[in-house]
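Colleague: I'd like to ask you about the structure that follows.
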Amino acid sequence: MQEEQPFFNEYPPIRNGEIFDAEKAIRTILKAPKEERRQKLAEFKEKLAFQQVGLARVQDIIIDEIRRKPDGKMDDFFDLATEMGAEFGMNETQKKIVKEAIFQYEKQHKSIEKIRKAYKKDEDLFKELFWKQPKGKIEIITGPVSLYFKCYDFEDYLTIFYSNQRRHHGKKRDFTEEEKRVAKAFGAATVPHPILGKSIFAENRSKTDSPHTEEESQQIFIHEEQHIIKKLFDKEDLFEPDDPITLALVSRNFLSAENDEEKEEILRGFFLAFRYNAEERAKDEFLAYYKEGEGIDFAHEELAVSKEEGGLYDYLAKPEKLEYEWLNANDETRALAKKVANRIFKKEYKEILEKGAEAIQKMEEAGYEKEEIIALLTHEPLARWGKVVGRVLESDAK
């Protein structure tokens, strides 16, 4: 590894070896006498910014080191991360995240290594993963946690691009003209695999369709592999509405349920995954509007407007429109799904938005300043804002 410039700061807000936990720190600040909070909050913000920037750089260095030494010892990667992270107050939760990411890297790396050894010829590996012999020339570049397929025949690219759908809806079906247009428009794509995870990347290199030069193709590979490794460190959404693997699993569990009560629980868990994603995005918009000086009522109203009514932040529009075809639904099943979806996507979500706005208003009425409120709520899920604010105000009253 090339020698890194030291993270030099003559007067760093966090001393080397000091542990900084933002969530614990903000709770301590809010318990302090009101006249001390402004100064403590300013110190908190400086430490938080210093830690965020520093740990982001540490993460980039670890990712570069993993790419440089894909077979390196996992303990060495972790020790390097914690050694550098000590300069930025890395806490136990952050260490656990790094350790889990490195573990997931090792697991995925070994899976790639194993299947590549079993199928040394590119054509054989293509057939093993996608059930048919490639029609044209195939090149596979093996990365630490990725298999990069260069497809010189458009039909082979289509085979990979739609492999998940074909896995669940018929491996021998023909591609529609619309599907061909969509795949061609992308030119390249990361494709999840049930065994290898999000490690397969396919590029359309057919002569008439390829939008990339060889140099650009190499840059795409480096970028995508970096992205795949980085995702191991970063939190991702729980589910995507059109993920065929998720749909197949939920469908199977639903159809094997013994009664309506079990079916309703399965649907509720499935729909809640979409709503949790929406809540996280809504929280970010809530705080962004509030920080910019817009009234909290305005932020609440913007988030509550549906897509049909022109709303820009209807994060549940897509899952609401699921037609539940994956359930092989009869009228009774559709009615049950609609009932559960309405409760979770409309009634409960509306209540969460309302209680979020009320929580901020209560903090304002209690005399807290905007920066204090944002600092407290940034680290809490939107659905918990009411409880968190209630505890803070109750503590003030004692």
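No value in this document is a laboratory result; all are computed from the given coordinates. Note that this is a predicted model, so its numbers are computed, not measured. With ideal geometry, Cβ positions are generated from the backbone for all residues, glycine too; neighbour counts draw on all protein chains shown.
Colleague: How far is it, in nm, from the label point at K339 to the one at E394 when both lie 7 Å from their Cα along the line to the Cβ?
Modeller: Result for the modelled spin labels: 3.5 nm.
Colleague: Let me ask something else about it. Length gain on complete extension for the stretch E36 to D71, per 0.36 nm per residue less the alpha carbon to alpha carbon distance?
Modeller: Details: separation 35, 0.36 × 35 = 12.60 nm, distance 5.10 nm.
Value of the extension gain: 7.5 nm.
Colleague: In nm, what is the difference between 0.36 nm times the number of residues separating K95 and E214 and their Cα-Cα distance?
Modeller: On the way: separation 119, 0.36 × 119 = 42.84 nm, distance 3.92 nm.
Roughly 38.9 nm would be gained on extension.
Colleague: Still on this model: With viscosity set to 1.306 mPa s and temperature to 10 °C, compute the Stokes-Einstein D of the stretch 47-159, Rh being the Kirkwood radius across alpha carbon pairs; µm²/s, no decimals.
Modeller: 98
Colleague: Oh, and also: Sticking with the crude label model, points 7 Å out along Cα→Cβ, report the distance from Y11 to K355 in nm, one decimal please.
Modeller: 4.4
Colleague: For K24 and E371, calculate 0.36 nm times their separation in residues minus their Cα-Cα distance, and state this gained length in nm to one decimal. Intermediate values should be presented prior to the final figure.
Modeller: Details: separation 347, 0.36 × 347 = 124.92 nm, distance 1.66 nm.
123.3 nm is the gain from fully extending K24 to E371.
Colleague: A follow-up question, please. Please enumerate, by chain and number, the lysines with C-alpha under 21 Å from the C-alpha of K73, excluding those fewer than 8 residues away in the same chain.
Modeller: Reachable lysines: K95, K96, K99, K107, K110, K114, K117, K230, K231.
Colleague: Under a crude label model (7 Å from the Cα following the beta-carbon direction), how far is K110 from R268 in nanometres?
Modeller: 3.8
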